[in-house]
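Colleague: Just dropping this structure here.
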Amino acid sequence: MPEEEPERLISEDGLRLDGRKPDEMRPLKIKAGVLKRADGSAYVELGANRIVAAVYGPRELHPRHKQKPDRAVVRFRYNMAPFSVDERKRPGPDRRSIEISKLSKEALEPAIFTEYYPRTAIDIFVEVLQADAGTRCAGITAASVALADAGIEMRDLVAACAAGKVDGHIVLDPMYYEDGYGEADVPLAMMPKEGEITLLQMDGDMTPEEFKKAVKLAKKGCKIVYKEQRRALKRKYGEE
Amino acid sequence: MHVKDREVVTPGERLAEGQVVASEGTYMEKDKVYSKVTGLADVQGRTIRVIPLAGPYRPTPGDLVVGVVQEVRFSTWLVDIRAPLPAILHVSNALEEEVDLIETDLSKYFKEGDVLAAVVKDVNPVQRIEISILEEDAPVRLGRLEGGRVVDIDPVKVPRVIGREGSMIKMLKRELKCDIIVGANGRIYVKAREEPKREREALAARALREIERRSHLEGLTDWLKSNIRRLSRW
């Protein structure tokens, strides 16, 4: 974050600090199967975000009383590396990362056929190596690819993307400064096949019209993410 | 049909609609067929299925598996067959003789760490997996496997280890002079019939890893054969 707030986040000709148009996403790169020890994994770069996701399981869940007799238990851990932000982040779970873990889990669970794996656990780990705003969305995107890479049966991939309000404009995929100095942030995750939304939050101030516009824009972003997720999985097996 | 035969598909990808038979690896929603795994589409006439390219071993009744005893209980052994949950081997599926369970400790028969060849007998809806070593028509002798070594590979690569009509596995057995039991769970037991045994088994393990790594290559059997011949001059 710069010491002082930038005078304006959107220039006169409607471009953002990094030269993007309001409805433009940052460069996105996804790679499936990057870790050897995990059952499934993925690496995501979105702008300056660097995120690794690993999936283990389905495997036997201990302690036994936590098992569900009719389905798998999905566990999600979102974690930020101490070096992922400007100021050193105190390692370990905090209020924010516990919240993100919970809602990321809830964003992914509807996509998984958990009923196929009774009494087991599916463990998802998301490590943020470098944060550049929108890490919860990039984390869900990565986790979903890692699940598919692990061969876990799913209804659809879950794609996630945020929209925000910056200098009164609704923009797609806010970056670090826009997130820090902007007026609002709307992260959204969905299963693009049926358009089902599995995560929707809003932080900041917006009118209902602006909110609708932001949701529409974030959905558009999810479609782009979804395409890239599929390509990453196919690329692993030599197609494209 | 929206996909070609042998095309890589991802979860949620639309495969077909209308009059089709949707088989394993797929699911239907409003008469459209979607993939539920990352895998290869296999289109045969009006039937479509997806062969997974990754994933856990999913036990099916009738599978021959190689397992490792994980725990000895009062009347059962828990056997790790690399499924999400351990398999249950009950005494009635393991021993022909009658046993007084109160008096006997079952580790007298099989103890922790023992390697077993078994057949999956039943998988119930809550994934209680029952295995047996008393199946009459099993392709190999079931029960404890002694000596030799065990190699784990990705379960989805098992068909490649067997090869078309068993061509790969037959070649390995012949060239390496080893007995090989390939579990459907991707666990493979290798035991050399001739000296030098350890070297033969080590080479077999290496060959199996190569198959796993190069499973997509054509002419793999011949390539391996020449390499095995070259490396097995002891």
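Colleague: Which whole-number percent of Cα pairs in chain A have a distance greater than 30 Å?
Modeller: Looking at chain A, the distances longer than 30 Å represent 24 percent of pairs.
Colleague: Scan segment B:132-234 for GluC sites (Glu not before Pro) in coil per DSSP, keeping those whose Cβ has at most 14 other Cβ atoms within 10 Å, and list them by number.
Modeller: Those satisfying the criteria are B:136, B:146, B:194, B:218.
Colleague: When the dipole is taken about the Cα centre of segment A:170-240, and only Lys, Arg (+1) and Asp, Glu (-1) are charged at their Cβ, what size is it in debye, to the nearest 20?
Modeller: That gives a dipole near 720 debye.
Colleague: Pick out, from B:54, B:72, B:92, the residue whose Cα sits farthest towards the positive end of the charge dipole of segment B:46-118, with +1 on the Cβ of Lys and Arg and -1 on the Cβ of Asp and Glu.
Modeller: Of the candidates, B:54 comes out farthest on the positive side.
Colleague: A further question on this structure: How far, in degrees from 0 to 90, does helix A:95-108 lean away from the longest principal axis of the Cα atoms of chain A, to the nearest 10?
Modeller: It works out to around 70 degrees.
Colleague: Let me ask you something else. Based on the Cα gyration tensor of segment B:8-52, what are the three equivalent ellipsoid semi-axes, each the root of five times an eigenvalue, rounded to whole Å and given largest first?
Modeller: Largest first, segment B:8-52 gives 14, 12, 7 Å.
Colleague: Another one. Equivalent ellipsoid semi-axes for segment A:99-159, as square roots of 5 times the alpha carbon gyration tensor eigenvalues: give them largest first, rounded to whole Å.
Modeller: 21, 11, 10
Colleague: Looking at segment B:101-192, which trypsin sites (Lys or Arg not before Pro) are DSSP coil and have at most 12 other C-beta atoms within 10 Å of their C-beta?
Modeller: Of the trypsin sites (Lys or Arg not before Pro), the ones in loops of segment B:101-192 whose Cβ has at most 12 other Cβ atoms within 10 Å are B:141.
Colleague: Using Cα pairs closer than 8 Å and at least 6 residues apart in sequence, work out the relative contact order for chain A, in percent.
Modeller: 22
Colleague: Just want the ordering: A:230, A:77, from fewest to most Cβ atoms lying within 10 Å of their own Cβ.
Modeller: The order, fewest Cβ neighbours first, is A:77, A:230.
Colleague: Pick out, from A:232, A:32, B:140, the residue whose Cα sits farthest towards the positive end of the charge dipole of the protein assembly as shown, with +1 on the Cβ of Lys and Arg and -1 on the Cβ of Asp and Glu.
Modeller: Ranked along the dipole, the leading option is B:140.
Colleague: May I pose another question? For segment A:13-104, which GluC sites (Glu not before Pro) are in a loop by DSSP, counting at most 12 other Cβ atoms within 10 Å?
Modeller: Passing sites in segment A:13-104 are A:87.
Colleague: Suppose only helical runs count, i.e. DSSP H with n ≥ 4. What mean residue ellipticity at 222 nm does that imply for chain A under -39500 (n - 2.57) per run, divided by all residues and rounded to the nearest 500 deg cm²/dmol?
Modeller: For chain A, the value works out to -9000 deg cm²/dmol.
Colleague: Moving to a separate point now. Treating the beta-carbon of each Lys and Arg as +1 and of each Asp and Glu as -1, no other charges, what is the dipole magnitude of the protein assembly as shown about its Cα centre, to the nearest 20 debye?
Modeller: Value, rounded to 20: 1680 debye.
Colleague: How long are the three semi-axes of the equivalent ellipsoid for the protein assembly as shown, computed from the Cα gyration tensor as the root of 5 times each eigenvalue, in whole Å, largest first?
Modeller: Sorted largest first and rounded, they come to 48, 24, 22 Å.
Colleague: Give me the three principal axis extents of segment B:64-144 from the C-alpha atoms, as integers in angstrom, largest value leading.
Modeller: Principal extents (largest minus smallest coordinate, Cα): 32, 26, 23 Å.
Colleague: Check the straight Cα-Cα distances from residue B:191 and name the aspartates and glutamates below 12 Å, setting aside those fewer than 8 residues away within the same chain.
Modeller: B:146, B:179, B:199, B:201
Colleague: Taking the Cα centre of segment A:14-173 as origin, work out the dipole magnitude from +1 charges on Lys and Arg Cβ and -1 charges on Asp and Glu Cβ, in debye rounded to 20.
Modeller: The calculated dipole for segment A:14-173 is roughly 480 debye.
Colleague: Next up: Order of B:63, A:86 from fewest to most other C-beta atoms within 10 Å?
Modeller: By the 10 Å Cβ count, ascending, the order reads A:86, B:63.
Colleague: Still on this structure, please answer the following. Considering the options A:9, A:69, A:198, tell which one lies farthest towards the positive end of the dipole of the protein assembly as shown, charges being +1 on Lys and Arg and -1 on Asp and Glu at the Cβ, about the Cα centre.
Modeller: A:69
Colleague: Only Cα pairs under 8 Å and at least 6 apart count here; give the relative contact order of chain B as a rounded whole percent.
Modeller: 14
Colleague: Taking only the alpha-carbon positions of chain B and ignoring solvent, what does the Debye formula give for the base-10 log of I(q)/I(0) at q = 0.08 Å⁻¹?
Modeller: Debye output, listed in q order: -0.38.
Bear in mind these aren't lab numbers, they're just calculated from the coordinates by the rules spelled out. This is a predicted model, so every value here is computed, not measured. For neighbour counting, all protein chains shown are included, and Cβ atoms are generated from backbone atoms with ideal geometry for every residue, glycine included.
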